[in-house]
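Only the coordinates and a few stated rules stand behind these numbers; no lab work does. It should be emphasised that the depicted structure is a prediction, and the values quoted were computed from it without experimental measurement. For neighbour counting, all protein chains shown are included, and Cβ atoms are generated from backbone atoms with ideal geometry for every residue, glycine included.
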Amino acid sequence: MIDNENVFREIEDEERKQSLSIPAKRLREKLLPLKSKEEQTAKRWFWELLQNASDYNQTVDILLEINDNYVTFKHTGNPFSIQDVLNLISPDSGKDKDEVKKDNIGKFGSGLVSTHILSSEIEVKGAFKSENEEKLFKFNILLDRSTYEDKDKLIASIEKTKEGFRKLDTSLEVSEYSGFMTSFSYNLKRKLPGLSSSFDVVSIGVEQIYDVLPYTLCFMSKVQSVEIFDNRTNSSIQSFRIIRKQGNNSQLKFEIKENQKTFELEFVKLKYQQVETVYSHENGLIKPLPKDISKLFCGLPMIGSENIGLPFILNSLDFEPTLEREGVEITPNDTKNILLFKQAVELYQLLLNDITQKKLDYGYILTKLNNKYHGVEGSKNIFKRDFVPAFQKKIENSSIVKIENGNFIRFSEMLLPYKEGKAFNELYQCASEIKHSRFPAISSFEGWVNATDFVLFPKQKYGLKQFVEEISQTKQLKAFILKSQTDVTVWVHNIVSLVNEEDEDLFTHYAILPNQKGNFHVKKDLNFDIDISPELKNIFNRLNSEEIEVVLLDKYFNDFTNIIDKSINTSAICKKIDELLKDKYAADKGSTLNFSLPLNDLYKWLNNSSKTKKDLEDLFPWFYPRRATLFMDTFGENERDYAFTIVQSGKIKALAALAESDITPEELEYISKNPEAMSRLYALLQSEIDDKQNANSETGEYGENLVFNDLRQKYKQSDSYEVIWSSKKGEARFDFEVKHKGRTVLFVDAKTTMRGISNSDSIPFFMRNSQWEFLPKIESDVKYLIARVFKKDETIRYLQIKTINGQD
């Protein structure tokens, strides 16, 4: 027996160090990684405390108090055992895997140690029960890990806490134990060495509590309520409380009070064997999941599983998570976890069936599937190879996409207008006119685009090129039946505008530009129509095998000047007509018999044209010099005799004027057979001839100049009048407009004849249709005057024209 006291003490000291060496080592191993995982661990401290409160109680209420310098977590759980307290002081000192209860969440976690991210010191208050005594004993211990980097000092700190625990002797009756008697308090000023002093651990931890906690409590049935008081200066939520309401295994309900606002949340809970999930819906819409919520739960959210490609929340208390509960591995060695993931595929089908049966919109919230997974490479490969295709098939076959008319279609039928992976709203608006049965409703369109991984679902991509190709295959403008019954031409104009803005090259490869026959063409086949008259188009079409409208862009699209670089104007079509006449005349060996109708139409056009002889010679270099000969060639023998008679009569000029009048052939025949009508015929001819002889363009301009000067004398600028010569600006309804202080008071139209005023009884003047249409639109206090100008006398007479009940 060793009787040397010094040696005996040395042995005792060494035994003590050895007994605390393993716990100290494990503490250091768990505390050191906090330096490199500061942000991630900051998100876990609350959940670790919640787990500890839940694990050893049948029911428990939680209270969290946050101040600028302290965070205190309290709960109403049962008293500790002596083993529990010692395990707090010296982690793993008495905890054995086989002794952990089946429903304990934290059976493999690092537990309370990770909450040192808040502070190096944790003050723990509570009570413990001795197995040999009926009484409870209150305790108050300080877990100081500030020296964790020095193993010997850490051992000394552990020993000091244990010594303090042994000396506690405050007892209380079991009946006195109630309320929030267990608490964990963190001094925020005592940072764990090695951590950033500017890192706001509390805010990071609290940020997601309010949104994620209701989902978490769906998997933690023991927790009845959680109340949070945040007394920090800049806190937006000062008070928060969530209480579990009465529910059942598939329907959970919570009452939430946030500051002064109270509301309820309901969740649907679905279970398949050892896995389960929850989601919430309201007013026919699936409610969004909280931002960056963990996808994997082992009772508590597994911080680190937020970005994996699982399309829904998956919980199982049978998961075998990683040491820090950041997720689960699914390598071939992780047979338990792989089995649970296989169950998850069937659970997901139950989830999709549930939202389909309930006809819930916003299904994209629960279909955000992609290939991402965390953990080792083996887990990532198995998730991508085995589980993503299984989830993908479930999604594709489910009728979860609501379209605009309220019906639902299968995901595989859906098309999503997109551009660079984002919602292409302009394409949606255009294409939905014909694709509405395959587009999601506009209210969920962007949600579906953002949730859909086009690598996994390439058939759901719908780009501008695909849409344009479909339009091109239709070939005919009027073949479309639009949902909104919008004018098809306007709709196609919008499409062309979109293509012009996004990808002009598509006009080269796809026929989506309509010609004047309503057919689609590529841009190289079309020309701009520069004000070609319908008469010239008709003449050309009668001479040519292909109608001119085929190569002319629909004039409604003339604003797209950058697309087409060719055009056809009056000069161009006249020269084409001239070439066609030349070729046909030669082909028919000098006969006009086969093109007499277009030739007659051309004569009419020439007769009505205001172009000069020089212009016409330039436009028709072959035809114009031969026009008389060609004209006579169109006559039969009798018609030539008639023409000869007219020329010989000396009345050709008068009869030409008669032909230009509105008189019909039937009326003319009547006159020829009734001599008594000849005087009236002569008066008509004389009027028209006189008008043409005595009122040409030169005369008209001369008369307008007289009227302009006369008006300026009558309505002086010094009296705030303004006389505007409107006809010089292209106005056809009147020649002059008179304004007083900016307001129109008078319109004047000049009618000029070369004769004198003594002949006024026999000289008519004419009103254009545009003038008749304009008169009823004039305000009642504005005058409309005819200025009759007699050039011979340089006399002006004004005549006011009024309208009565819409009649002039």
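Brief remarks follow.
- Where GluC sites (Glu not before Pro) fall in DSSP loop in segment 522-611, at most 13 other Cβ within 10 Å: 546
- Relative contact order, percent, the chain [alpha-carbon distance under 8 Å, six or more residues apart]: 6
- Efficiency of FRET from Cβ geometry, residue 443 and residue 420, R₀ 25 Å, rounded to 0.05: 0.65
- Relative contact order (%) - segment 697-800, alpha-carbon pairs under 8 angstrom, separation at least six: 27
- Anchor residue 129: lysines whose Cα lies under 27 Å away (excluding residues fewer than 8 positions away in-chain): 74, 95, 97, 101, 102, 107, 138, 160, 162, 167, 222
- Farthest towards the positive end of the charge dipole of segment 152-270, among the residues 196, 216, 259, is the Cα of 196, using unit charges on the Cβ of Lys, Arg, Asp and Glu.
- Stretching residue 699 away from residue 773 to a fully extended chain increases their span by 24.1 nm, per 0.36 nm per residue minus the current alpha-carbon distance.
- Selected from 727, 702, 765, residue furthest toward positive end of dipole (segment 697-800; charges at beta carbon): 727
- Size of electric dipole in segment 21-207: Cβ of Lys, Arg +1 and of Asp, Glu -1, about Cα centre, debye, nearest 20: 520
- Rounded to the nearest 20, the Cβ-based charge dipole of the chain about its Cα centre (Lys and Arg +1, Asp and Glu -1) stands at 520 debye.
- Three-way shape call for segment 185-339 based on the alpha-carbon gyration tensor, with the a/c threshold at 1.5: oblate
- Between residue 371 and residue 229, the simple label model (points 7 Å from Cα in the Cβ direction) yields a spacing of 5.3 nm.
- For segment 264-464, the antiparallel share of DSSP beta bridges with both residues in that region comes to about 75%.
- Given charges at Cβ of Lys, Arg, Asp, Glu: the chain dipole, positive-most of 59, 596, 476: 596
- Size estimate for segment 21-207 follows the Kirkwood approach: the inverse of mean 1/r over distinct Cα pairs works out to 17.0 Å.
- For 448, 47, the sequence from fewest to most other C-beta atoms within 10 Å is 448, 47.
- About its Cα centre, the dipole of segment 163-273 is roughly 200 debye, where the only charges are +1 on Lys and Arg Cβ and -1 on Asp and Glu Cβ.
- Around the amide H of residue 752, modelled in the peptide plane, lie the amide H atoms of 789, all under 5 Å away and 5 or more residues distant in sequence or on another chain.
- For residue 245, the shell of other residues with beta-carbons less than 12 Å away shows a net charge of -1, using +1 for Lys and Arg and -1 for Asp and Glu.
- Label selected from (1) 1.09; (2) 1.00; (3) 1.30, the criterion being Rg/Rh (Cα atoms, Kirkwood Rh) as computed here: (3)
- Dividing the helix sum by the residues of the chain, where each DSSP H run of 4 or more adds -39500 (n - 2.57), gives a mean residue ellipticity at 222 nm of -11500 deg cm²/dmol.
- Considering only the chain, percent of DSSP beta bridges that pair antiparallel, nearest 5: 75
- What the phi angles of segment 779-796 give under the Karplus curve with 6.51, -1.76 and 1.60, with θ = phi - 60°, is a coupling list of 4, 4, 8, 10, 8, 10, 10, 9, 9, 7, 10, 10, 4, 4, 9, 6, 10, 10 Hz, glycine and proline written as x.
- Cut-off under 5 Å, modelled amide H: who pairs with residue 62 long-range: 225, 226, 227
- Dimensionless Rg ratio for segment 390-509, taking C-alpha atoms and the 2.2 N^0.38 Å reference: 1.08
- Panel order for 115, 182, 76, 612, by other beta carbons found within 10 Å of each beta carbon, from fewest to most: 612, 76, 182, 115.
- Each part gets one Cα centre, and for segment 233-287 versus segment 350-380 those centres are 20 Å apart.
- Close amide-amide hydrogen proximity is noted between residue 419 and 424, each under 5 Å apart and 5 or more residues distant or on a separate chain (H modeled in the peptide plane; Pro and chain starts excluded).
- Likely footprinting exposure, 376, 789, 201, fewest C-beta neighbours within 10 Å first: 376, 201, 789
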